[in-house]
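Worksheet: the structure to be examined is printed underneath.
The values are calculated or read from the model by the stated rules, or taken from the named source; none is laboratory data. Fair warning: this is a prediction, and the values are worked out from it, not measured in the lab. Neighbour counts run over all protein chains shown; Cβ positions are idealised from the backbone, glycine included. SASA here: full protein model, heavy atoms, side chains in, ligands and nucleic acids out. Shrake-Rupley method; radii C 1.70, N 1.55, O 1.52, S 1.80 Å.
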Amino acid sequence: MVETLSIAVIGDPGVGKTSIIRQFLYNDFTEVYTPTNSRYVYRPSVILNGNMFDLKIMEVPPISSFPASTCQEWLDLRCHGVRTASAYILVYDICCMESFEYIKMIRQQIVDNRASSSGEAPILVVGSKRDLQRQRFTSRRAVSLLVKKTWKCGYIECSAKYNWHITLLFKELLASAVARRLKHNHSSIRLQGALHRNRCSIM
């Protein structure tokens, strides 16, 4: 039986959500910016450590807040499935402080308002546009310490333009989501070393 994992990709306008997803799925990148105005779902299948998973990658357009209830989620078409996602990718532009403040707000709202029946879900904070790092608003170390030590989230930087760390970020998130499910099911199996040992390929 193939397990399905849903991943919500959230971030401010122009941070590179679409570029990251398309580079991961199609090895495709364009300099032309097209705003994400509605929720879009991609459904690839991947293999991680010999196990197949069906992914439901939800590209979420900019939302003013994370849905606080199931009712609010279903009243806004952009938010369908967001509260019960298996994992979250919060994308910010390393050159834009405002985009980081946005995902900071969304992360706290996920922690406060996520559907309790769905259990905990891993959150990976992604600093996009690493190819423009000379223009970044603060050091990588400062953000990484905040995200990992205070927020207790994963952190990685990437460049969709140069396909740098794109597969890696999905591999890390997928490994974390699978590990959470195994732990939730009281399994003795543990997945560790996501960044170094896990093997991930797209079908």
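For Arg114, which sequence-distant residues (separation of 5 or more, or a different chain) have an amide H within less than 5 Å of its own amide H, given hydrogens modelled in the peptide plane?
none
Between Gln108 and Thr70, what FRET efficiency comes out of the Förster formula 1/(1 + (r/R0)^6) with R0 = 25 Å and r the beta carbon distance, rounded to 0.05?
Plugging the Cβ-Cβ distance into 1/(1 + (r/R0)^6) gives 0.80.
Let me check something: with ligands and nucleic acids excluded, how do Ile166, Ile47 order by accessible area (1.4 Å probe), largest to smallest?
Highest to lowest solvent-accessible surface, that is Ile47, Ile166.
When the chain is treated as a GNM, springs tying every alpha-carbon pair under 10 Å, which of Cys95, Cys71, Cys79 comes out with the largest mean-square fluctuation?
Top of the fluctuation ranking is Cys71.
Output ³J(HN,Hα) for segment 29-39: one whole-Hz value per residue in order, computed from phi by the Karplus curve 6.51 cos²θ - 1.76 cosθ + 1.60 with θ = phi - 60°, and x for Gly and Pro.
8, 10, 7, 6, 8, 10, x, 8, 9, 9, 5
Applying the Karplus parametrisation 6.51 cos²θ - 1.76 cosθ + 1.60 with θ = phi - 60° to the phi angles of segment 148-159, what ³J(HN,Hα) value in whole Hz is obtained for each residue in order, glycine and proline being reported as x?
Once θ is set to phi - 60°, the couplings for segment 148-159 become 7, 7, 8, 7, 6, 10, x, 9, 7, 10, 8, 9 Hz.
Using a 1.4 angstrom probe with every protein chain in place, what is the largest-first accessible-area order of His80, His165?
Output order, biggest surface exposure first: His165, His80.
Might you tell me the accessible area per residue for the chain, computed with a 1.4 Å probe and given in Å²?
That works out to 53 Å² for each residue.
After finding the eigenvalues of the alpha carbon gyration tensor for segment 3-193, what semi-axes result from the square roots of 5 times each, listed largest first in whole Å?
23, 20, 18
How much of the accessible area of segment 1-78, in percent, comes from carbon and sulfur atoms when a 1.4 Å probe is used?
Of all accessible area on segment 1-78, carbon and sulfur atoms account for 53 percent.
Over segment 120-185, what percent of the accessible surface lies on carbon and sulfur atoms, probe 1.4 Å? Mind dumping the intermediate values first?
Working: 1670 of 3520 Å².
Exposed carbon and sulfur together represent 47 percent of the surface.
In deg cm²/dmol, rounded to 500, what helix-only [θ] at 222 nm does the chain give when every DSSP H run of at least 4 residues adds -39500 (n - 2.57) and the total is split over its residues?
Working: 5 runs with 58 residues, N = 203.
The per-residue figure over the chain is -9000 deg cm²/dmol.
What residues have an amide H closer than 5 Å to that of Lys129, excluding those fewer than 5 places away on the same chain, when H is modeled at 1.01 Å from N in the peptide plane?
For Lys129, whose amide H was placed from the backbone, the distant partners under 5 Å are Cys158, Ala160.
Please compute, for the alpha-carbon atoms of segment 94-183, the extent along each of the three principal axes and give them in descending order in Å.
42, 26, 19
Would you grab the residues whose amide H sits under 5 Å from the one on Tyr155? Only those 5+ places off in sequence or on another chain, please, with H modelled 1.01 Å from N.
Excluding prolines and chain starts, which carry no amide H, the hits are Val125.
Would you tally the net charge around Glu73, using a Cβ to Cβ cut-off of less than 14 Å, leaving Glu73 out, and scoring K and R as +1, D and E as -1?
Summing Lys/Arg as +1 and Asp/Glu as -1 gives +3.
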